[in-house]
1. Go over the candidates Arg81, Arg124, Arg98 one by one and state the one that is over 19 Å from the mean Cα position of the chain (by Cα) and under 27 Å from Val21 (Cα atoms).
2. Identify, by number, the condition in (1) closer than 23 Å to Ala35 by Cα; (2) assigned by TED's automatic domain parsing to the domain that holds Ile25; (3) modelled with pLDDT under 90 that Val54 doesn't meet.
3. Here are Gly39, Gly2, Gly46: which of them is more than 21 Å from Leu94 (Cα to Cα), at pLDDT below 90 and of a type outside the set (Phe, Trp, Tyr)?
4. Residue under question is Ile34, and the condition is that it be surrounded by 15 or more Cβ atoms within 10 Å (Cβ to Cβ), in contact (Cβ under 8 Å) with a residue 40 or more places away in the chain, touching a Leu at 6+ places or on another chain (Cβ under 8 Å) and among the aliphatic types (A, V, I, L, M); does it hold?
5. Hey, among Glu105, Glu86, which residue is out of contact with any Ser or Thr (no Cβ under 8 Å at 6 or more places or on another chain) and exposed (fewer than 15 other Cβ atoms within 10 Å of the Cβ)?
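The values are calculated or read from the model by the stated rules, or taken from the named source; none is laboratory data. Since the structure is predicted, the reported quantities are computational estimates derived from the model, not experimental observations. Note: ideal-geometry Cβ built from the backbone for every residue, glycine included; neighbour counts use all protein chains shown.
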Amino acid sequence: MGQSKLNNTAINNQTRHILGVPFFIGSRESAIKIAMKGGLVVAPSGPGLAVDLVKSQEYRKAISSADLAIIDSSALVLCWRCIVGEWLPRLSGLMFLRLILQQPELKNTGTVFWVMPSADDQARNLGWLVSQGFAHSPDDC
């Protein structure tokens, strides 16, 4: 993980630091543009924020140093509204995935590094990606 893409001033004005994580609060179009620059994108779940962020140093480091952290937790949005009084835009991780996969540049071999939970999941997911027109090599996972 390199220097975060959220470190420039224009993008920093579009984040809220919550639980040590710089969550992006800009538009989904802006989130896609940032993600297309490369880097680690995370969409932590409510349970992940409530449990793993506290108990797992590796999880906390990955989430807090990601290049783009989007708000996928309705519980986080609601708690922030109750405590701070500000509505935060929620961008579903599934919606983000659907939007990012529409980018034609990502269909070329070597443009995406896919992280798969298991060998079985990798085989199934890569089969689906190929059926959607995504090229890949063994080095892409």
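1. Unique residue meeting the criteria: Arg81.
2. Single failed check for Val54: (1).
3. Answer to the selection: Gly2.
4. The answer is no for Ile34.
5. Exactly one of Glu105, Glu86 is out of contact with any Ser or Thr (no Cβ under 8 Å at 6 or more places or on another chain) and exposed (fewer than 15 other Cβ atoms within 10 Å of the Cβ), namely Glu86.
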